[in-house]
1. So residue 60 passes all but one of these: (1) loosely packed, with under 15 Cβ neighbours inside 10 Å; (2) in contact with a Ser or Thr (Cβ under 9 Å, 6 or more places away or on another chain); (3) of a type in the set (A, V, I, L, M, F, W, C). Which condition number does it fail?
2. Within the stretch 81-108, which residues are small (Gly, Ala, Ser) and under 20 Å from the mean Cα position of the chain (by Cα)?
3. Look at residue 71 and say whether it is modelled with pLDDT under 95 and either under 12 Å from the mean Cα position of the chain (by Cα) or of a type in the set (D, E, K, R) (or both).
4. Sort out which residues of the stretch 1-16 are touching a residue at least 24 places away in the same chain (Cβ under 8 Å) and over 24 Å from residue 94 (Cβ atoms), and write them in order of number.
5. Does the stretch 70-111 hold any residues that are without any contact (Cβ under 8 Å) to a residue 24 or more places away in the chain and in a helix (DSSP H, G or I), and which are they?
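The values are calculated or read from the model by the stated rules, or taken from the named source; none is laboratory data. Only a predicted model underlies this, so the values are computations on that prediction, with no experimental measurement involved. All Cβ positions, glycine included, derive from the backbone under ideal geometry; neighbour counts span all protein chains shown.
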Amino acid sequence: MKRIEAIIRPSALRAVLDGLKAVGYSGVTVSEVQGHGTQKGITESYRGQSVEGLLPKLAITVVVGDKQVNKVIQIIARTARTGEIGDGKIFVSPVLTAIRIRTGEKGEKAL
């Protein structure tokens, strides 16, 4: 199993969720986050000083079986892409196990 975390623009959320749902992936966690990368954030003025601020982003987390990883990555990348700086990033990491608390199912059955 793999954990896929995508940092995206808030405006891309609906398209990403609709894309995942269309192919049967409904188990998604969404968190509001802030940060910046190449885009360098926004510059604000505070008490006469120029301060670089963080941009609002969303983190989408999906855990899938190994065979679905590339498909999910393609859906997220396609639906979140605008072609502009700040579209986000996708991170993939291994998941050792998953347990459905209600039933006790383990591994991919718990997804």
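1. (1)
2. Within the stretch 81-108, the first condition is being small (Gly, Ala, Ser), and the residues that meet it are 83, 86, 88, 93, 98, 104, 107.
Listed by number, the residues that qualify are 83, 86, 88, 93, 98.
3. Numbers: modelled with pLDDT under 95: no; either under 12 Å from the mean Cα position of the chain (by Cα) or of a type in the set (D, E, K, R) (or both): yes.
Criteria not met by residue 71.
4. The first filter runs over the stretch 1-16 and keeps only residues touching a residue at least 24 places away in the same chain (Cβ under 8 Å), leaving 1-10, 12-13, 15-16.
Listed by number, the residues that qualify are 9, 10, 12, 13, 15.
5. Result: 70, 74, 77, 109, 110.
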